[in-house]
Amino acid sequence: MYIPKINRLNHSDDIVALMEEHSFATVVTTDEEGVPFATHMPVLLDKNRGTHGTLISHIARANPQRDHLAHAQGMDGQEILVIFTGPHAYISPSWYAGEFNVPTWNYMAVHAYGGPRLIEEKERLQEMLTELVAFHEETLSPEWRVPWSDERYTKLIQGIVGFEMEITRLEAKSKLNQNKTVADQEGVIQALRDSVDSTNAQVAVEMSKNLLHAE
């Protein structure tokens, strides 16, 4: 990922927060001929395993990406890519205080790389699914839990495979008008706050944090 120095996100807590808050990620692999393939899926970050953490997810057994993951697993040093996309918004030139500006797009993204390991053991798959459900249910009321005593749920496991990826390197980008004056940034923040789009409001929050860091 192209990351100018001014846009590089270096704070580990901010990177982890983005990966957790925007955990519906894109998993990118290649087949044996080098053709890229992507699947969109919820990905859970285990912060306590590995230097940068370990990603956990699962895919349909029928998904051809299962074979790509198996191939990468068998090739020492071959990485796959998992992309996390944070809030993003179109930025109008009319929102800046300065006169000469062009349209742009503000966004945050994390690219995580590592070697995958397939998980097909029933017990471990149950643990992974329990952890994934618990992560997304913890703010809901009532919280739903997988009733593994019901064989209808255990049979469904036959249709999936899990995988883990210890993160070996991370690239994180925060493109939030850092190259603009404070007056320009404040104008954009206000316009985003005034928008009816809730995602624009999230970008405004992240831009405000960036201003605080600058001070």
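The values are calculated or read from the model by the stated rules, or taken from the named source; none is laboratory data. As the structure is a prediction and not an experimental result, all values here were calculated from the model. Ideal geometry is used to build each Cβ from the backbone, glycine not excepted, and the neighbour counts take in all protein chains shown. Note: areas computed on protein heavy atoms with side chains; ligands, DNA, RNA excluded. Shrake-Rupley method; radii C 1.70, N 1.55, O 1.52, S 1.80 Å.
How many of the residues in segment 51-80 are among the hydrophobic types (A, V, I, L, M, F, W, C) and open to solvent by 60 Å² or more (accessible area, probe 1.4 Å)? Write out each step before concluding.
The initial filter retains those residues of segment 51-80 that are among the hydrophobic types (A, V, I, L, M, F, W, C), namely 55-56, 59-60, 62, 69-70, 72, 75, 80.
Filter once more, so that each one left must be open to solvent by 60 Å² or more (accessible area, probe 1.4 Å): 62, 75.
Matching residues across segment 51-80 total 2.
Here is a list: Val27, Val16, Val43. Which entry is free of Cβ contacts under 8 Å to residues at least 40 places away in the same chain and either under 16 Å from the mean Cα position of the chain (by Cα) or closer than 23 Å to Ile119 by Cβ (or both)? Quick ask: steps written out before the conclusion?
On the way: Val27 fails: free of Cβ contacts under 8 Å to residues at least 40 places away in the same chain; Val43 fails: free of Cβ contacts under 8 Å to residues at least 40 places away in the same chain.
Within the list Val27, Val16, Val43, the selection yields Val16.
With a cut-off of at least 3 residues that are acidic (Asp, Glu) and at pLDDT below 95, name the strands (runs of 3 or more DSSP E) lying wholly within segment 9-52. Working first, answer last.
Details: elements: 24-30, 36-42, 44-46.
Where strands (runs of 3 or more DSSP E) fall fully within segment 9-52, none carries at least 3 residues being acidic (Asp, Glu) and at pLDDT below 95.
State yes or no: is Ile91 farther than 19 Å from Pro42 by Cα and open to solvent by less than 60 Å² (accessible area, probe 1.4 Å)?
yes
Restricting the first residue to segment 165-185 and requiring it to be under 30 Å from Gly114 (Cβ atoms), which pairs with a second residue that is among the hydroxyl-bearing types (Ser, Thr, Tyr) and at pLDDT 95 or above meet a Cβ separation below 6 Å and a spacing of at least six or different chains?
Glu166/Thr54; Thr168/Tyr113; Arg169/Tyr113; Lys175/Tyr107
Check off (1) surrounded by fewer than 16 Cβ atoms within 10 Å (Cβ to Cβ); (2) in contact with a Phe, Trp or Tyr (Cβ under 9 Å, 6 or more places away or on another chain); (3) within 29 Å of Leu192 (Cα to Cα) for His11 and give me the number that stays unchecked.
(2)
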